[in-house]
1. Out of all the residues in segment 104-143, which are in contact with a helix residue (DSSP H, G or I) (Cβ under 6 Å, 6 or more places away or on another chain) and closer than 24 Å to residue 197 by Cα?
2. Somewhere in segment 109-117, is a residue at pLDDT below 90, closer than 20 Å to residue 75 by Cβ and not in a strand (DSSP E or B)?
3. If you go through segment 127-138 one residue at a time, do you hit one that is part of a loop (DSSP other than H, G, I, E, B) and out of contact with any strand residue (DSSP E or B) (no Cβ under 7 Å at 6 or more places or on another chain)?
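The values are calculated or read from the model by the stated rules, or taken from the named source; none is laboratory data. Keep in mind it's a predicted model, so treat the numbers as computed, not measured. Here the Cβ positions follow ideal geometry from the backbone for every residue, glycine too, while neighbour counts run over all protein chains shown.
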């Protein structure tokens with residue numbers, strides 16, 4: 001028995017085939033729609049809250065908990081002064097853009113310094129990091145200084161603590177120190193400069209003055225962190241001139 005088909009191909013029907021079955025020859029047509037209920041997709045599982053509701057916001061804000069190695073590194077900036085930094089600072093301070101007390105703030109440093117971003121392991125000796133930085137900058141000068149509280153021996157401005165009266169950055173980094181031992185964090189800066197003979201003398205003079213002042217305060221029963229009066233400052237200066 002031959003059935004009429006819209007296509008040119010004639011398909012022979014099986015008289016024993018029921019009306020629900022697909023005729024032979026049509027089961028290879030890929031464009032044929034699937035029969036109803038031919039495929040039942042699995043039901044989606046219910047949403048599982050792995051954390052309590054009160055901890056959800058905390059987890060969103062502190063994604064580093066899912067990266068255990070993240071706390072082993074910090075991202076720091078190794079900063080150098082721009083070529084015309086003195087003119088830049090004079091313009092910025094006189095125009096009121098920044099002040100001497102805030103010149104080492106993170107938002108003010110890009111105005112007059114250039115930063116090299118580096119990711120450092122917290123327990124890695126900084127001496128090796130500094131050697132790498134020397135090679136990257138191509139500097140072999142013996143006067144190269146890596147300082148924490150500002151650019152070494154840079155007086156008449158301030159330091160990272162906001163001191164302006166007698167500020168003289170001097171905190172050099174030793175080769176065996178680490179990020180962990182210095183308690184540095186993400187975004188902190190290390191200041192690189194080539195110290196001149198005058199800056200080295202400024203630091204030596206400042207440290208002598210600080211030593212004499214602290215000794216005088218301890219003898220008088222005053223905390224070394226307390227400020228100096230003008231008379232004490234003049235006395236300490238005279239003693240330094242006598243020693244020097």
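1. 112
2. Looking through segment 109-117, none of the residues is at pLDDT below 90, closer than 20 Å to residue 75 by Cβ and not in a strand (DSSP E or B).
3. Yes, segment 127-138 has at least one match.
Condition check ((1) touching a residue at least 12 places away in the same chain (Cβ under 8 Å); (2) over 16 Å from the mean Cα position of the chain (by Cα); (3) not assigned by TED's automatic domain parsing to the domain that holds residue 182) across all residues:
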{"position": "100", "(1), (2), (3)": "yes, yes, no"}
{"position": "106", "(1), (2), (3)": "yes, no, no"}
{"position": "111", "(1), (2), (3)": "yes, yes, no"}
{"position": "115", "(1), (2), (3)": "yes, no, no"}
{"position": "120", "(1), (2), (3)": "yes, no, no"}
{"position": "125", "(1), (2), (3)": "yes, yes, no"}
{"position": "129", "(1), (2), (3)": "no, no, no"}
{"position": "133", "(1), (2), (3)": "yes, yes, no"}
{"position": "140", "(1), (2), (3)": "no, yes, no"}
